[in-house]
Amino acid sequence: MRVKDKKQLFVALLSHVRQGTDRATRAYQELGQVAQNPQVKDALEARVFVSQRVLEKLDQCFKLIDEQPIALSGRLAEVFIEDCRRELSEIESPVARHLFILAKAVHLTHLRIGEYVALTAAADMTGHYGVGVLLESCLADNLAFVERTRHLIREIVEGKVAEKLAA
C-alpha cells in the first residue's frame with residue numbers, strides 16, 4: 001500500500017492494530033481452550049472479553065475520523081499461533097504448559113502495546129485527540145492484562161514452590 005500523507009498512514013496504522021487485535025482475540029480464545037488451569041482459563045476468557053470491547057473502541061475511532069479499515073496482508077498472528085500450537089504440543093508438564101500459555105499471551109499483548117503507543121502519537125499528530133483518548137484506554141486495557149498476568153504467573157510459580165517445600 002502506498003502512503004501519501006499522514007492521514008493515510010494513520011488509517012493504515014489504525015487498520016493494522018484493529019486487524020491485529022481481532023486476530024489476537026482469536027489467539028486468546030484458542031489458548032484459553034487448551035488451558036486446563038481454571039485461573040489461566042478465566043484470565044484468557046477475560047482477555048477475550050476486553051479485546052472485544054477494544055475492537056468496539058477501534059471501530060469508534062474509525063467513525064470519528066470518518067474512515068473505514070483497510071485490508072492488510074499481515075500474518076503475524078497466524079504465524080504466532082501456529083508456532084504456539086507446535087511448541088505447546090511438545091510440553092508435557094501441566095504447570096509448564098500453563099506458564100507457556102501465559103507467556104505467549106503476554107508476548108502477543110506486548111506487540112499490541114507497542115502499536116498503541118505509536119498509534120496514540122499518530123492520533124495526536126493528525127489532530128484526532130478524541131481518538132487518542134480511545135486509544136489510550138485500549139493501551140490501558142492491554143497494560144492491565146500484562147500486569148494481572150504477571151501476578152498469575154507468580155502465583156502459579158509460588159504454588160509449585162510451596163508444593164515442593166511441603167513434600
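FYI, it's all coordinate maths here, none of it is from the lab. Note that this is a predicted model, so its numbers are computed, not measured. Cβ placement follows ideal geometry from the backbone for every residue including glycine, while neighbour counts extend to all protein chains displayed.
With runs of 4+ DSSP H residues as the only contributors, calculate the mean residue ellipticity of the chain at 222 nm using -39,500 (n - 2.57) per run, divided by the residue total and rounded to the nearest 500. Present the calculation step by step, with values, prior to reporting the outcome.
Working: 5 runs with 140 residues, N = 167.
Computed ellipticity for the chain at 222 nm equals -30000 deg cm²/dmol.
Under a plain spin-label model, where a point goes 7 Å from the Cα along Cα-to-Cβ, how far apart in nm are Glu136 and Val161?
About 3.7 nm separates the two model spin labels.
When the chain is fully extended, how far beyond the present Cα-Cα distance does Ser73 get from Glu90, taking 0.36 nm per residue of separation? Present the calculation step by step, with values, prior to reporting the outcome.
Numbers: separation 17, 0.36 × 17 = 6.12 nm, distance 2.97 nm.
Once the chain is fully extended between Ser73 and Glu90, it gains 3.1 nm.
For the modelled label position 7 Å from the Cα of Ile113 along Cα-to-Cβ, which residues of region 127-167 have backbone nitrogen atoms closer than 16 Å?
Answer for region 127-167: 136-154.
Can you give the alpha-carbon Rg of region 1-99 over 2.2 N^0.38 Å, where N counts its residues? List each step's numbers first, then the result.
Working: Rg = 16.6 Å, N = 99, 2.2 N^0.38 = 12.6 Å.
Output field value: 1.32.
Across the chain, how many lysine pairs, 8 or more apart or on two chains, come within less than 23 Å at their alpha-carbon atoms?
On the way: Lys4/Lys63; Lys6/Lys57; Lys6/Lys63; Lys7/Lys57; Lys7/Lys63; Lys41/Lys104; Lys41/Lys160; Lys104/Lys160.
Number of lysine pairs found: 8.
Need the C-alpha centroid separation for region 102-119 versus region 137-167, integer Å.
Centre-to-centre (Cα) distance: 17 Å.
Run the quick spin-label model on Arg26 and Arg2: label points 7 Å from Cα toward the beta carbon, then report their separation in nm to one decimal.
3.1 nm
From the list (1) 16.4; (2) 17.9; (3) 17.0, can you say which value of Kirkwood radius over Cα pairs in Å was derived from the structure given?
(3)
In nm, to one decimal, how far is the Met125 label point from the Val34 one, both placed 7 Å along Cα→Cβ?
3.7 nm
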